Amino acid sequence: MKGALIMNKNQEWVTENFEALVSKYGGKYVGVINEGVIAAAMTPKAVLEEARRKGENEEDVSLLKVPTEEELVCVL
Amino acid sequence: MRSIEFNYAKHRQRDIPLVPVSLRTGGKWSEVWAYVDSGSFYSLFDDKVAELLGLDLLKGEKVLAVVGDGSFIPVYLHKVGMRIGIDEFALKIGFSSKLGVGFNLLGMDVLDRYRVTFDNRLGKIIFEPHEE
């Protein structure tokens, strides 16, 4: 089998900073690009609109529904 | 087809199996993270993702899904394009305004396409596509 594909830098940033994202943005959607949060809002559509206003290409934005601390307790 | 490896997200020393998937109904792809949930028959996304994709939620095929507390929630199935790594395919996934969990969920409808390994020692989830 060929070598496995791995996550890109932006995706790695999300996994490495997940706990901080929960603390700061729990209950919202965030858009991540260039290893940082470009926008946060209650809907992914609003996040992409904000990213577009800031001159970013929508397809480059990674959208994460950030759980609250309470929701994580329920899941885990 | 090549396998793809995802790192676990971490929260308070616990591993969270979150993976990025891309969705589309038209021309543009949107990358949305989802929790890998083998306990979910359908992949379930909240209604806000349906809005993002330009879907009319209520025009989907309505089914009822049982959630953690035993109650039923309405789920509307819509056909979308999905991409994981370089693997692209079309399938029906569910959308609901009553999801009630903090994540979008990647269920068995998608996981059935792969040999999925949860390698907790390496901190990775590995998706290896089944040969057609």
Scope region A:4-24; condition over 11 Å from the mean Cα position of the chain (by Cα), over 26 Å from A:G55 (Cβ atoms) and facing chain B (nearest Cβ under 7 Å); matching residues: A:A4, A:L5, A:I6, A:E19
When only residues in region B:93-119 that are away from chain A (no Cβ under 14 Å) and assigned to a loop (DSSP other than H, G, I, E, B) count, which is farthest from the chain's Cα centre (by Cα)? B:K98
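To keep it simple, each residue is scored yes or no on (1) over 20 Å from B:D112 (Cα atoms); (2) in contact with a strand residue (DSSP E or B) (Cβ under 7 Å, 6 or more places away or on another chain).
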residue: B:F41; (1), (2): no, no
residue: B:F45; (1), (2): no, yes
residue: B:G70; (1), (2): yes, no
residue: B:Y76; (1), (2): yes, yes
residue: B:R83; (1), (2): no, yes
residue: B:E88; (1), (2): no, yes
residue: B:K92; (1), (2): no, yes
residue: B:F95; (1), (2): no, yes
Requiring at least 2 residues that are without any contact (Cβ under 8 Å) to a residue 40 or more places away in the chain, the strands (runs of 3 or more DSSP E) wholly within region B:1-92 are B:9-11, B:14-16, B:30-36, B:61-66, B:72-84
For region B:47-86, enumerate the residues that are modelled with pLDDT under 95 and among the acidic types (D, E). B:D69
Every residue from region B:18-37 that is more than 9 Å from chain A (Cβ to nearest Cβ) and surrounded by fewer than 19 Cβ atoms within 10 Å (Cβ to Cβ): B:R24, B:T25, B:G26, B:G27
Can you pull out the residues in region A:28-76 that are among the β-branched types (V, I, T) and not in a strand (DSSP E or B)? A:I33, A:T43, A:V47, A:V61, A:V66, A:T68, A:V73, A:V75
If we keep only residues of region B:38-62 that are more than 9 Å from chain A (Cβ to nearest Cβ) and closer than 24 Å to B:I125 by Cα, then the residue surrounded by the most Cβ atoms within 10 Å (Cβ to Cβ) is B:L44
Per-region count, region A:3-24, residues part of a helix (DSSP H, G or I) and buried (at least 18 other Cβ atoms within 10 Å of the Cβ): 7
Taking the condition of a type in the set (F, W, Y), surrounded by 18 or more Cβ atoms within 10 Å (Cβ to Cβ) and closer than 21 Å to B:K10 by Cα, does B:F103 pass? yes
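This table checks each residue for (1) crowded, with 17+ Cβ neighbours inside 10 Å; (2) more than 10 Å from chain B (Cβ to nearest Cβ); (3) in contact with a helix residue (DSSP H, G or I) (Cβ under 7 Å, 6 or more places away or on another chain); (4) more than 19 Å from B:L23 (Cβ to Cβ).
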residue: A:G26; (1), (2), (3), (4): no, no, yes, yes
residue: A:Y29; (1), (2), (3), (4): yes, no, yes, no
residue: A:P44; (1), (2), (3), (4): yes, no, yes, no
residue: A:R53; (1), (2), (3), (4): no, yes, no, yes
residue: A:E56; (1), (2), (3), (4): yes, yes, no, no
residue: A:E59; (1), (2), (3), (4): no, no, no, no
residue: A:L64; (1), (2), (3), (4): yes, no, yes, no
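The values are calculated or read from the model by the stated rules, or taken from the named source; none is laboratory data. Remember, predicted model here, so these are calculated numbers, not experimental data. All Cβ positions, even for glycine, are placed from backbone atoms using ideal geometry, and neighbour counts span all protein chains on display.
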